[in-house]
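Structure record follows, encoded as structure tokens.
The values are calculated or read from the model by the stated rules, or taken from the named source; none is laboratory data. Everything numeric here is computed off the predicted structure, so don't read it as measured data. So basically every Cβ, Gly included, is an ideal-geometry build from the backbone, and we count neighbours across all protein chains shown. Please note that ligands, DNA and RNA were not included when accessible areas were found on the heavy atoms of the full protein model with its side chains. Shrake-Rupley method; radii C 1.70, N 1.55, O 1.52, S 1.80 Å.
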Amino acid sequence: MVGASLVAVGLLIRLAIAFEGSRSSTMPTASPSPAGDGAMVVKPGDYHPPRYICEHLDFKEFADVFQLQGAHDGYNTGLEPEVVSGSTCKQSMARGGTDPVKVTVNCSAWRDVDKAIEGFGGVAALYGPPETVTGLGDQAFRYRAPKSPTFGMKVRDRNLGCEVEVEAEPAAPLTDTEIDGSFAAMTQLLRTLIPKLSPLKAQP
């Protein structure tokens, strides 16, 4: 009887060990420590990938500079959703009732704040040194080349990057008043839009 009991106890111990090993192999493991082992550590930001930003825009900020033409239209972006994705909205406008002007707004959220910082910029080669803008997010600048029909403003807030760009093909060059007015409109648009893209108000 004692021998049988010992056999039963041994069997139970072996089953318990086998069960624990099986359970351990299926449970998620912690991410590797960044202590010099080269492991990638993600620093998540405050913003979810924005969706359908046209729902938050009416482009009235540009009403004192250009004439709005028709309804705005947009689409979501996400070629690399595991890295960065967002949304774009475009509005057609006119200068003096004839010359076409297009305003494009794009906002994207990076999965990693460091990647957002790394990806911020990228216009100096085309438009020359950008001009720093204060009072918008963590980083902001505007860009313009004297003979280019395109100029714009970019801002980064944590892991969110937004850009407003104006593309104008007028018969006569834009005046300084039109350009200054456009930059003022961009600033106001971004100040209004970015708080609407916070996690509490993010689109699913």
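Against the definition (over 20 Å from THR192 (Cα atoms) and touching a residue at least 24 places away in the same chain (Cβ under 8 Å)), how does ALA94 come out, yes or no?
Working: over 20 Å from THR192 (Cα atoms): yes; touching a residue at least 24 places away in the same chain (Cβ under 8 Å): yes.
So ALA94 fits the description; yes.
Kindly evaluate TYR47 against the criterion of being among the hydroxyl-bearing types (Ser, Thr, Tyr), touching a strand residue (DSSP E or B) at 6+ places or on another chain (Cβ under 7 Å), open to solvent by 90 Å² or more (accessible area, probe 1.4 Å) and modelled with pLDDT of 90 or more. It is false that TYR47 is among the hydroxyl-bearing types (Ser, Thr, Tyr), touching a strand residue (DSSP E or B) at 6+ places or on another chain (Cβ under 7 Å), open to solvent by 90 Å² or more (accessible area, probe 1.4 Å) and modelled with pLDDT of 90 or more.
A quick yes/no check of all residues on (1) under 21 Å from the mean Cα position of the chain (by Cα); (2) within 25 Å of LEU57 (Cα to Cα):
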{"position": "PRO130", "(1), (2)": "yes, no"}
{"position": "ASP138", "(1), (2)": "yes, yes"}
{"position": "ARG142", "(1), (2)": "yes, yes"}
{"position": "VAL155", "(1), (2)": "yes, yes"}
{"position": "GLU165", "(1), (2)": "yes, yes"}
{"position": "LEU174", "(1), (2)": "no, yes"}
{"position": "THR177", "(1), (2)": "no, yes"}
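Quick check, is THR134 of a type in the set (Ser, Thr, Tyr) and within 22 Å of the chain's Cα centre (by Cα)? Quick ask: steps written out before the conclusion?
On the way: of a type in the set (Ser, Thr, Tyr): yes; within 22 Å of the chain's Cα centre (by Cα): yes.
Answer is yes for this residue.
Residues in segment 112-147 that are open to solvent by 40 Å² or more (accessible area, probe 1.4 Å) and touching a Pro at 6+ places or on another chain (Cβ under 8 Å): ALA124, ARG142. For segment 103-141, filtering for residues that are under 19 Å from CYS89 (Cβ atoms), of a type in the set (A, V, I, L, M, F, W, C) and in a loop (DSSP other than H, G, I, E, B) leaves 1.
When segment 78-106 is filtered for residues that are under 11 Å from the mean Cα position of the chain (by Cα) and crowded, with 18+ Cβ neighbours inside 10 Å, the ones remaining, listed by number, are VAL84, SER85, GLY86, SER87, THR88, ASN106.
A quick yes/no check of all residues on (1) touching a Gly at 6+ places or on another chain (Cβ under 8 Å); (2) at pLDDT below 95; (3) assigned to a strand (DSSP E or B):
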{"position": "TYR143", "(1), (2), (3)": "yes, yes, yes"}
{"position": "PRO146", "(1), (2), (3)": "no, yes, no"}
{"position": "GLU165", "(1), (2), (3)": "yes, no, yes"}
{"position": "ALA171", "(1), (2), (3)": "no, yes, no"}
{"position": "LEU174", "(1), (2), (3)": "no, yes, no"}
{"position": "ASP180", "(1), (2), (3)": "no, no, no"}
{"position": "ALA185", "(1), (2), (3)": "no, no, no"}
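The residues of segment 148-189 that are small (Gly, Ala, Ser) and open to solvent by less than 30 Å² (accessible area, probe 1.4 Å), listed by number, are GLY152, GLY161, ALA168, GLY181, SER182, ALA185. When segment 108-141 is filtered for residues that are over 20 Å from VAL83 (Cα atoms) and modelled with pLDDT under 90, the ones remaining, listed by number, are VAL123, ALA124, ALA125, LEU126, TYR127, GLY128, PRO129, PRO130.
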